[in-house]
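Asks: Next up is a structure, given as structure tokens.
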Amino acid sequence: MEINGFSAIVTGGASGLGEATSRLLAERGAKVVVMDLDRQQERGDKLASEIGGLFAAADVTSAEQVQAGVDAALEMAPLRVLVNCAGIGWPARTIDKNGNPHDLEVFRKVIEINLIGTFNCIRLAASAMNRNEPDEDGQRGAIVNTASVAAYEGQIGQAAYSASKGGVVGMTITIARDLAAAGIRVNTIAPGLIDTPIYGEGEASEAFKAALGQSVLFPRRLGYASEFASLALELVTNNYMNGQDIRVDGGIRMPPKS
């Protein structure tokens, strides 16, 4: 699918996986809306300026804020691409070592952002894509979601995160079927251990990441955000990729605990 001259939205776009994806889509000619929380305004504005796009402050769970981002994309060009990278995760056991139960509000918040937020962005972007003129394959757009290997083998303390990402995987084929009549493809990437700002910086951080990388089958390192972005681009531009959830993880299978 051609993306040159069309608009794209990347949620969580100001850093990490989203930043790498925003940059790559822009390199291929897309006009990118970097969508992220308002606290990322400075970073998002800088990135948008560098890639010739714009920053849209939005909480992915807000219909009004996401719709404003969609409208901003449409002002630049017809919207053909959505890549959902926004997400959170807070570790907590179902009951802790003292027998205290998992905070239900924490569980609910993770589900709301990772799963409901993803669906919120899909439904609003798809509605806009549906108004596009179809290409020779009848396509009007492509959507890429971000899950995690935790969707398949979540570790101790990842009940909320695994449930949210499992939900993203689970709805992929269903939404792909829903949107087939509109000519919109839907795929999901399930990354493993990817080197993003979540691991911090400095000597101790680098040592920690190197140790984590030894658990990867091959290559024995953390993945690069650019490797995620490369797959996202392929899923967007390859017309025959639809309804798939694909691991990008170096062959890792997560043990019960790190």
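Asks: Shape of the stretch 1-116 from its Cα gyration tensor (a ≥ b ≥ c, root eigenvalues): rounded if a/c is under 1.5, otherwise prolate when a/b > b/c, or oblate?
Replies: Because a/c hits 1.5 or more and a/b exceeds b/c, the stretch 1-116 counts as prolate.
Asks: Extension gain Q244-S127, at 0.36 nm per residue separation less the Cα-Cα distance, in nm?
Replies: The span from Q244 to S127 would gain 40.0 nm if fully extended.
Asks: Under a 10 Å cutoff between Cα atoms, tell me which one of A92, A150, A176 has the largest fluctuation in the Gaussian network model of the chain.
Replies: Greatest mean-square fluctuation among the candidates belongs to A92.
Asks: Next question. If amide H atoms are built 1.01 Å from N in the plane of the peptide, which residues on other chains or at least 5 residues away come under 5 Å of the amide H of K31?
Replies: Under 5 Å from the amide H of K31: G5, F6, S7, A8.
Asks: Through the Karplus equation 6.51 cos²θ - 1.76 cosθ + 1.60, θ set to phi - 60°, convert the phi angles of the stretch 229-237 into ³J(HN,Hα) values in whole Hz; use x for Gly and Pro.
Replies: Going residue by residue, I get 4, 4, 5, 4, 4, 4, 5, 6, 8 Hz, with x marking Gly and Pro.
Asks: Among K97, K209, K46, which one moves the most in a GNM of the chain with springs linking Cα atoms closer than 10 Å?
Replies: In the Gaussian network model the winner is K97.
Asks: Now, a different point. Cut-off is 10 Å between beta-carbons; in what order do D195, D38, D45 appear when sorted fewest neighbours first?
Replies: D38, D45, D195
Asks: Tell me, what ³J(HN,Hα) does each residue in the stretch 85-90 have, in order and in whole Hz, if you take phi through Karplus 6.51 cos²θ - 1.76 cosθ + 1.60 with θ = phi - 60° and put x for Gly and Pro?
Replies: 10, 5, x, 9, x, 10
Asks: Of the listed pairs K97/K209; K165/K209; K209/K257; K97/K165, which have alpha-carbon separations greater than 20 Å here?
Replies: K97/K209; K165/K209; K97/K165
Asks: Can I ask one more? Which value, in nm² and rounded to one decimal, describes the direction-averaged projected area of the C-alpha convex hull of the stretch 109-161?
Replies: Hull-based average projected area comes out at 4.6 nm².
Asks: Another question about this same structure. Can you tell me the length gained on complete extension of the stretch R93 to S49, counting 0.36 nm per residue apart and subtracting the Cα distance?
Replies: 11.7 nm
Asks: Give the shape of the stretch 1-63 as rounded, prolate or oblate, defined through the alpha-carbon gyration tensor: a ≥ b ≥ c are the square roots of its eigenvalues, a/c under 1.5 means rounded, and otherwise the shape is prolate if a/b is larger than b/c and oblate if not.
Replies: Prolate is the answer for the stretch 1-63, as a/c is 1.5 or above and a/b outweighs b/c.
Asks: Hey, another quick one. For the stretch 127-227, list log₁₀ I(q)/I(0) at each q in 0.21 Å⁻¹, using the Debye formula over Cα point scatterers of equal strength and ignoring solvent, two decimals each.
Replies: Ignoring solvent entirely, the Cα scatterers give -1.06.
Asks: Please compute the Cα-Cα pair-distance distribution of the stretch 146-201 with 5 Å bins starting at 0, giving whole percents from short to long.
Replies: Taking every Cα pair in the stretch 146-201, the percentages come to 4, 19, 20, 19, 16, 11, 6, 3, 1, 0.
Asks: Something else now. Quick check on the exposure proxy: order V66, V149, V32 from fewest to most C-beta atoms within 10 angstrom.
Replies: Going from least to most buried by this count: V149, V66, V32.
Asks: What is the gain in length, in nm to one decimal, between A211 and E136 on full extension, counting 0.36 nm per residue of separation less the C-alpha to C-alpha distance?
Replies: 22.2 nm
Asks: Okay, helix-only estimate at 222 nm for the chain: each DSSP H run of n ≥ 4 adds -39500 (n - 2.57), divide by all residues, round to 500 deg cm²/dmol; what do you get?
Replies: Mean residue ellipticity at 222 nm (helix-derived): -13000 deg cm²/dmol.
Asks: Could you state the angle between the C-alpha long axis of helix 63-76 and the longest principal axis of the C-alpha atoms of the chain, as a value from 0 to 90 degrees rounded to the nearest 10?
Replies: 50 degrees
Asks: What percent antiparallel are the DSSP beta bridges of the chain, to the nearest 5?
Replies: Counting DSSP beta bridges with both partners in the chain, the antiparallel share is about 5 percent.
Asks: Can I ask one more? May I ask for the net charge around L115, where only other residues with Cβ less than 12 Å from the Cβ of L115 are counted and Lys, Arg are +1 while Asp, Glu are -1?
Replies: Surrounding charge for L115 is +2.
Asks: Right, here's the next one. I'd like the FRET efficiency for A204 and K109, computed as 1/(1 + (r/R0)^6) with the beta carbon distance as r and R0 of 30 Å, rounded to 0.05.
Replies: Between A204 and K109 the formula returns 0.55.
Asks: Now a separate question. Mind jotting down the three principal axis lengths of the chain based on Cα atoms? Whole angstrom, largest first.
Replies: The Cα atoms of the chain stretch 57, 35, 35 Å along the principal axes, largest first.
Asks: Counting other beta carbons within 10 Å of each residue's own, what order do S127, S164 fall into, fewest first?
Replies: Neighbour counts put them in this order, fewest first: S127, S164.
Values in this text are rule-based calculations from the coordinates and carry no lab data. These figures come from a predicted structure and were not determined experimentally. Neighbour counts are summed over all protein chains in view; Cβ atoms, including those assigned to glycine, are modelled from backbone coordinates with ideal geometry.
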